[in-house]
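Quick notes on the structure that follows.
The values are calculated or read from the model by the stated rules, or taken from the named source; none is laboratory data. Note that this is a predicted model, so its numbers are computed, not measured. Cβ: placed from backbone, ideal geometry, glycine included. Neighbour counts: every protein chain shown.
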There are 2 protein chains.
Amino acid sequence: MAAVGVSTPRRDSEPKVRGTTRFAADAPVAGLLHARLVLAHEAHAMISEIRREAALALEGVVAVLTAADLPLVATGRGRQYEPLAREEVIYAGQPVAMVVAESEARAEDGAELVEVELEPLEPVLDLEAAGRPGAPRARVTGLDDADGSDLGDAHATVSAAGVGQEEELSENVLDTARLSNGDVDAALAGSHVVVSGRFTTPWMYQGYLEPQTATAWLDPDGRLTIWSATQATFSTRDALARLFGLPGERVRVASTPLGGAFGGKLMIIDPLVAAAAVVLRRPVRLVMTRSEDMAAANPAGAEMLSLELGADADGNLTGIRTRVLVDRGATDDFGVESIAAMLSCGSYRWAAHELTALGIATNRVTFGAYRAPTAPPAAFAVESLLDELAGRLEIDPLELRLRNVAGEGDRSPAGPPFPIFGARDCLERLRDHPRWSARGELPDGEGIGVALGWWPGGYEPAAAACRLDADGNLTVITGAADMSGVETGFATIAAEAFGIDPERIRVVTADTSSAPYAGMSGGSKVTYTVGRAVERAAIEARERLFEVASQELEIAPEDLEIVDGAVRPAGVPAKGLAIDELASRILQFGSPHPPVEGHGRVSQPQAPQSAAHLSHVRVDRDTGAVTVLAHVVAQDVGRALNPALVEGQMRGGTVQGLGWALLEQLVHDGHGQLTTGTFVDYAMPTAGTVPAIDTEIVEVPVPEGPYGAKGVGEAPVVAVAGAVANAIAAATGGVRVRELPMTPERVWRALAAHPRPGGAPDRAPQSL
Amino acid sequence: MAAVGVSTPRRDSEPKVRGTTRFAADAPVAGLLHARLVLAHEAHAMISEIRREAALALEGVVAVLTAADLPLVATGRGRQYEPLAREEVIYAGQPVAMVVAESEARAEDGAELVEVELEPLEPVLDLEAAGRPGAPRARVTGLDDADGSDLGDAHATVSAAGVGQEEELSENVLDTARLSNGDVDAALAGSHVVVSGRFTTPWMYQGYLEPQTATAWLDPDGRLTIWSATQATFSTRDALARLFGLPGERVRVASTPLGGAFGGKLMIIDPLVAAAAVVLRRPVRLVMTRSEDMAAANPAGAEMLSLELGADADGNLTGIRTRVLVDRGATDDFGVESIAAMLSCGSYRWAAHELTALGIATNRVTFGAYRAPTAPPAAFAVESLLDELAGRLEIDPLELRLRNVAGEGDRSPAGPPFPIFGARDCLERLRDHPRWSARGELPDGEGIGVALGWWPGGYEPAAAACRLDADGNLTVITGAADMSGVETGFATIAAEAFGIDPERIRVVTADTSSAPYAGMSGGSKVTYTVGRAVERAAIEARERLFEVASQELEIAPEDLEIVDGAVRPAGVPAKGLAIDELASRILQFGSPHPPVEGHGRVSQPQAPQSAAHLSHVRVDRDTGAVTVLAHVVAQDVGRALNPALVEGQMRGGTVQGLGWALLEQLVHDGHGQLTTGTFVDYAMPTAGTVPAIDTEIVEVPVPEGPYGAKGVGEAPVVAVAGAVANAIAAATGGVRVRELPMTPERVWRALAAHPRPGGAPDRAPQSL
């Protein structure tokens, strides 16, 4: 392998550092108008009136659009169908009007002049209460819009085949999922030890640097074009076509380089700018402010998880019952109940399980995808309890996990057996790590914890093309929005498959008008799926090149090789023909050779991912402050195509996980107003607070991935909070915090409530 | 065949009629600057000084660029290397400076204020004299620029293998070609009849509606992007990369819809706007005015053709000797000597031939490609003489041609045998046409003539992609600049190959960053080459669709068919699955099927084309005015994919041929100044003067073409002037005009010099 396994810098790093990357907000567009949103100031209300006269009187304001002005023809579930509130406001920050003006400043001025009169309703904010039968509804109008599957549809019962349980639910329940196997009651009853707990996790913001941004215009022939900071070109195109009643070909979506996304950049503002462009017939751009983005974009919802699980005396896991309440917020955008249920038991062999998840509507923004959706809360809960179980059984916590971890062929929570799966290898890597061996030698107040996380991995069909250019360089063309350095990864794959230096590979993200199909860049699947298509395309192009070289050199293709940028008879350097020379012979008027191009198309099975974490913390018993002193992440990546990039993902995921563990939360007050809507209020990890992170790359190759690689983006975030929680417990003689983030106050309160080993409880917590 | 052979309107017609087509000058570009050229007012001069101060003082003028300001790093033959004159002006109208301003009007004002001081040199304007040894040179400086193949290189001798003749030539001779076979002297000496003549044809303007237009800018990362009304995306990209010393990937060329081109739109102004954008780091557009375009763009050069040819008493052609002087103008852009020599003997079987062409530099603009370059003059000459030969032999002129026309396997003038070739079929179609049968019954002053033309056809590797979209429509992606309705043709081909309605095919011309390779749209090869690649791509996509449908329907792929937009078991409509349903099952998260896409790559042999013309004219003996009363064109098109489009090409070519025959000429005065530089002075055919044109489609399928099709663009222009000349002779008892266009004055002078059959000559011409 000449390219695979070699660490090279990300191609997008230098332009980003130099400031030459053209993000969505940077594209120059002639005649551009700027939009600014008017956000609702109540969490739940009826709209009495929207007065636009003052705004429209302002010079430079072109239009003030409200829901009735948007030329949408489709209805259905999800915010895309209602990008501006119609009659009812269902969360604080919901866009109710859009001011479009000749400059961004003038649009801002105009937005301040729009008067929105609201008739407040009681907001539904308590997640548990909202899920109880008879709860007031988080939405009272427009319930029949959603193609027969409206908000009220899923309210009746949770019942899964073979279980026979029924439960009356609130009309706020958007969807439910239950996975079960075996007799959980019997399994728990027969257990040597049973532990249980109730865990809560907050609303979480992705924290990308670039806010939601999109620009739309109509071509003179009426074609709608969007330049968007989106993770999904084709599905955005198809969704917009549906919304506006256009054939798919009449919409063109180009993804711009993403300034971070983490799952959050999917059809949030595209309908708004597109609608404005259609109405006004001029280009329109919308760049959310940071506070708008935090209040009204796509954060992950809060969760409450109740788990009960057991083991026999030898530490074999018996039964598990879980119930996950997911705060889906105001709109049914993203159904996560199945995955939330599935992930709530970890990747272990359970004799019996019953996993239930309920998605509940409240008057908060809307649950969006954020790096391994629902997985960090699940791992926080189940990995905390497994540690407790190990303690009760007096088994080493890593040993307990190794005894029960699922492997290839074991039944997955959803039923089908796991495919090849490196969770055990990750745990073993931690077991053999010097930090684990040294865990008994820590000073007082320090502790080491471990946790295991997994992510099932997305899959979606993908295609890619490779084209040899006249200068002998190879162009790789895909429709995959560039995230996480996929461009660099594609270059590695194509270089390896074609047989030239990665520097001679150019990677192009084409727009939907001409790109080979690619699904959204999400679900940890771009390298796995599109990368595999790139590999096939490059192999095909190489075969074509050999066909031409075979004619030019009069040697059978199977006797040729590529060395140092030349095609030559195997072992005969002197007879080589440089690829650029061959390319220029091929690509000219009157050439007898077809172009050297290749095209790859794939669909593959899921390739689950896992990462195990070891966290070493110090807990200040006086303040409750937790300092992470060191952290190890061991992740099964299938194959590290570019170890530097893989380590970047592992570190980045770990850092976001530390945010989950210790710092981050979108807090809504008793009126549903976001109180942490700036980066001053919303604490994120910074370079100064992140410890050294050791990365342990585990390679268990996946047969269907390019050179054995699989997705690496989501797995590393999953189990960080669990590991930190277990480390806190280890540092404090077993003090358990069951609420994220584990802020100093929460840790201090837990410490105060907990008897110090061999002593009295700490003094009772004071009101802060 | 459901799509092939069906006449459908051109897809680009309606948007062009409605005015929604976005031509190169219509693209909105933020921060756009406008360029205007300062043209030289002498045909040959040294540049003493260019004073820019006054222009630069004008508000809104951003820069006045001269040759020294352009950041070109490559040297070579051709205007692209010297888009602004350096020290020497070599034709009147040559750009010497470029003013760039905030508006087009201000650039125009600025250009008027640039003072260009020239030191005149004697212009070289007489084509014959310029070719004689010792002639003054049309260029005296910069002769060593051209990579060792400069203007002086080809001056020494004309000598072809086996001929042994040598001839001293002028240093103005840019290149020569000689094709010979057999002993021409002996063949002519042994002939029963020998005829000879000397023919001249003028400089000719393509007459496209849209003048040369291009816009260039630098992306923030430094990538050079050109939106150009160009026929050649990839070769423009590669040429610009070479010029500016950039890797190919750092240049992106997008072809805009062409408002006509006919061969003329190739790298004329792209280097100028690109250089200005590179220097100024802002977007720059240049749209030539009509007069600039006529004076300084890419017209076809004048020619002088001397032919001598013979036949035996039975009408079998014996020997032919030709000598073609081509006025290449000031710069060595486009070497046409080989093709000019080859075409000068027509597509006939000659016992012996010696065909010579010399390209000679003069102080006129520069010879550019124009629909079948050098073919109309060649056919005008040889077809006129063949008619004379038939008259001398008292053989029917069509019969003479049929006796000698080349067919498959006959030696071509260049040596290799003709492939399958429909010239005979075209002649037979005319022979059987009622207008030919009725030629004896015409009133006095009317006549019918025929002529045969051919074009060897271009070939170049090509690729294309097809993609099934989620809505069940098929997108065809190529890099071929859209000319002559190729988009419509691709839709026909893809519809036929994939098996759906052409309305469900979308055709996309991608830019060089992501398009499959395609050569320039020229040489009558887009449908033949790229169209064939489209066919293969669509067939491959259909196979992929059947693989998916086979799994979904659990039926073997070979038992499936596509009917009415659904895939179904052959003959079982009830079990069909609509393609849009299949597509939406395929293109989604979690789908097990790979995308349905196809990719085609081809290289093919040349596919020569031919068209025979019959022209019916009336000659006014008092004024010399020629009226074309009717015209028939019989053309071998291989296979008419869309007969309406093919007929459009046949009619359009014929109309341009009538321009050659009777109307058009770019006239330069004794100082080398263009005197017909507006459409007031340059006479083109108009709807009022064009007769009804009967089209006779002849189909001799080419095995390598899509459904047997080959190029149709160039052949129909070739023999029009020859047919009209022969018709004039038929109408006037044999009066021959040997100079194009056959204006009333020239016809009248020829009539005056010719004895009226059975009478005295007409009165001697008066000076007009």
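Overview of results
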quantity	calculated
In the stretch A:210-237, the residues that are in contact with a Gly (Cβ under 9 Å, 6 or more places away or on another chain), within 14 Å of chain B (Cβ to nearest Cβ) and hydroxyl-bearing (Ser, Thr, Tyr)	A:Thr233, A:Ser235
Residue match in the stretch B:7-26 (condition: over 30 Å from B:Ser484 (Cβ atoms) and surrounded by fewer than 20 Cβ atoms within 10 Å (Cβ to Cβ))	no
Condition check for B:Leu614: within 27 Å of B:Asp12 (Cα to Cα) and touching a Phe, Trp or Tyr at 6+ places or on another chain (Cβ under 8 Å)	no
Members of the stretch B:366-389 found to be over 21 Å from B:Gln609 (Cα atoms) and polar (S, T, N, Q), listed by number	B:Thr366
The listed residue being within 14 Å of another protein chain (Cβ to nearest Cβ) and hydrophobic (A, V, I, L, M, F, W, C), out of A:Ala566, A:Ala578, A:Ala480, A:Ala556	A:Ala480
Subset of the stretch A:594-631 (residues that are outside any loop (DSSP other than H, G, I, E, B) and acidic (Asp, Glu))	A:Glu597
Counted residues, the stretch B:17-31 - those being within 7 Å of another protein chain (Cβ to nearest Cβ) and farther than 17 Å from B:Gln212 by Cα	5
The stretch A:275-286, residues that are under 22 Å from A:Ala296 (Cβ atoms) and either without any contact (Cβ under 8 Å) to a residue 60 or more places away in the chain or basic (Lys, Arg) (or both)	A:Arg285
Sole residue being surrounded by fewer than 24 Cβ atoms within 10 Å (Cβ to Cβ), over 24 Å from B:Thr200 (Cα atoms) and aliphatic (A, V, I, L, M), chosen from B:Leu663, B:Leu645	B:Leu645
Filter pass, B:Arg392 being assigned to a helix (DSSP H, G or I), within 18 Å of B:Gly733 (Cβ to Cβ), in contact with a strand residue (DSSP E or B) (Cβ under 7 Å, 6 or more places away or on another chain) and not assigned by TED's automatic domain parsing to the domain that holds B:Gly78	yes
Filtered residues of the stretch B:326-369 (kept if closer than 30 Å to B:Ala311 by Cβ and touching a His at 6+ places or on another chain (Cβ under 6 Å))	B:Cys345
Residue in the stretch B:651-673 that is free of Cβ contacts under 8 Å to residues at least 24 places away in the same chain and over 18 Å from B:Val724 (Cβ atoms) present	yes
Hits in the stretch A:6-16 - residues which are part of a helix (DSSP H, G or I) and within 12 Å of chain B (Cβ to nearest Cβ)	A:Glu14, A:Pro15, A:Lys16
Top-ranked residue of the stretch A:56-69 - restricted to ones that are more than 38 Å from the chain's Cα centre (by Cα) and in a helix (DSSP H, G or I), ranked as nearest to A:Asp144 (Cα to Cα)	A:Leu56
Condition met for A:Gly368 (under 30 Å from A:Arg86 (Cα atoms), out of contact with any strand residue (DSSP E or B) (no Cβ under 6 Å at 6 or more places or on another chain) and either buried (at least 24 other Cβ atoms within 10 Å of the Cβ) or in the same structural domain as A:Thr75 (by TED's automatic domain parsing) (or both))	yes
For A:Gln551: the one exception among (1) in contact with a helix residue (DSSP H, G or I) (Cβ under 9 Å, 6 or more places away or on another chain); (2) within 14 Å of chain B (Cβ to nearest Cβ); (3) surrounded by fewer than 18 Cβ atoms within 10 Å (Cβ to Cβ)	(1)
Residue within the stretch A:492-504 that is within 13 Å of chain B (Cβ to nearest Cβ), surrounded by 23 or more Cβ atoms within 10 Å (Cβ to Cβ) and either among the hydrophobic types (A, V, I, L, M, F, W, C) or part of a loop (DSSP other than H, G, I, E, B) (or both) present	no
Qualifying positions in the stretch B:442-481 - part of a loop (DSSP other than H, G, I, E, B) and out of contact with any Phe, Trp or Tyr (no Cβ under 9 Å at 6 or more places or on another chain)	B:Leu442, B:Pro443, B:Asp444, B:Gly445, B:Pro456, B:Asp471, B:Gly472, B:Asn473, B:Ala481
Options A:Thr475, A:Thr529; residue that is in contact with a Cys (Cβ under 9 Å, 6 or more places away or on another chain), within 11 Å of chain B (Cβ to nearest Cβ) and among the hydroxyl-bearing types (Ser, Thr, Tyr)	A:Thr475
Within the stretch B:583-624, considering residues that are under 30 Å from A:Ser235 (Cβ atoms) and basic (Lys, Arg), the one nearest to the other protein chains (Cβ to nearest Cβ)	B:Arg601
Sole exception among (1) touching a residue at least 60 places away in the same chain (Cβ under 8 Å); (2) within 20 Å of A:Val646 (Cβ to Cβ) for A:Ser13, by number	(1)
Lone qualifier among A:Ser521, A:Ser591, A:Ser584, A:Ser550 - being modelled with pLDDT under 95 and outside any loop (DSSP other than H, G, I, E, B)	A:Ser584
Identity of the residue in the stretch B:293-306, surrounded by fewer than 24 Cβ atoms within 10 Å (Cβ to Cβ) and touching a strand residue (DSSP E or B) at 6+ places or on another chain (Cβ under 6 Å), that ends up nearest to B:Val96 (Cα to Cα)	B:Met304
Qualifying positions in the stretch A:615-638 - of a type outside the set (A, V, I, L, M) and surrounded by 20 or more Cβ atoms within 10 Å (Cβ to Cβ)	A:Ser615, A:His616, A:Gly624, A:His631, A:Gln635, A:Asp636, A:Gly638
Some residue of the stretch A:70-85 being in the same structural domain as A:Leu272 (by TED's automatic domain parsing), outside any loop (DSSP other than H, G, I, E, B) and over 21 Å from A:Arg328 (Cβ atoms)	no
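Quick grid of which residues meet (1) of a type in the set (Ser, Thr, Tyr); (2) crowded, with 24+ Cβ neighbours inside 10 Å; (3) more than 18 Å from B:Leu740 (Cβ to Cβ):
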residue	(1), (2), (3)
B:Gly310	no, yes, yes
B:Asp333	no, no, yes
B:Ser338	yes, no, yes
B:Ala361	no, yes, yes
B:Ala372	no, yes, no
B:Pro376	no, yes, no
B:Glu383	no, yes, no
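Listed here are the residues, each with its yes/no results for (1) under 17 Å from A:Leu65 (Cα atoms); (2) crowded, with 23+ Cβ neighbours inside 10 Å.
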| residue | (1), (2) |
| --- | --- |
| A:Tyr91 | no, yes |
| A:Met98 | yes, yes |
| A:Ala101 | yes, yes |
| A:Glu104 | yes, no |
| A:Ala107 | yes, yes |
| A:Glu112 | yes, no |
| A:Glu117 | yes, no |
| A:Glu122 | no, no |
| A:Asp126 | no, no |
